[in-house]
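Here, each number is a calculation from the coordinates, and none is a lab measurement. Since we're looking at a predicted model, the values are computed, not measured. Here the Cβ positions follow ideal geometry from the backbone for every residue, glycine too, while neighbour counts run over all protein chains shown.
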Amino acid sequence: AAAADEQVAWEGSGGWVRAQLLSHFAALGEAAARAVLSGSAASLSAEYGAEWVRGWAETANFGRWASGAGVHAAARLWRARLEATAARRPSRGSAPPSAEPAT
């Protein structure tokens with residue numbers, strides 16, 4: 001433990017950066033598990049960004065994480081809901097429908 005404490009002795013050291021990354025990914029895993037089990041991506045999207053969450057959900061890494069976290073079955077349903085939500089939204093390049101009728 002003393003050697004580990006020495007590696008994180010100052011902000012910006014290699015040990016400090018590793019500890020920050022470990023903390024970030026642990027929080028991401030916990031938040032993702034809560035989101036998958038709740039059936040909603042809202043909180044995860046708010047924290048990490050909707051585009052990133054949708055992108056991650058499409059990767060093999062997400063499938064491996066879900067299997068390892070024991071939420072694979074719930075993740076399949078969650079991913080389908082996420083894809084359906086994304087399909088209902090207008091694409092980035094399209095303009096939103098006008099509130100005024102065309103003349």
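HN-Hα J couplings of segment 23-34 from phi, Karplus 6.51/-1.76/1.60, θ = phi - 60°, integer Hz, Gly and Pro as x?
5, 4, 6, 5, 5, 4, x, 5, 5, 5, 4, 4
Multiplying the sequence separation of residue 47 and residue 19 by 0.36 nm and subtracting their Cα-Cα distance, what value in nm do you get?
8.1 nm
Evaluate the charge dipole of segment 10-58 about its Cα centre and quote only its size in Debye, nearest 20, assuming +1 on the Cβ of each Lys and Arg and -1 on the Cβ of each Asp and Glu.
Its charge dipole is roughly 80 debye.
From the phi of every residue in segment 36-41, what ³J(HN,Hα) in whole Hz does the Karplus formula 6.51 cos²θ - 1.76 cosθ + 1.60 yield, where θ is phi - 60° and glycine or proline is x?
Once θ is set to phi - 60°, the couplings for segment 36-41 become 4, 5, 7, x, 10, 9 Hz.
Based on the Cβ-Cβ distance of residue 86 and residue 34, what FRET efficiency does E = 1/(1 + (r/R0)^6) give at R0 = 22 Å, to the nearest 0.05? List each step's numbers first, then the result.
Values: r = 20 Å, r/R0 = 0.93.
Efficiency at R0 = 22 Å is approximately 0.60.
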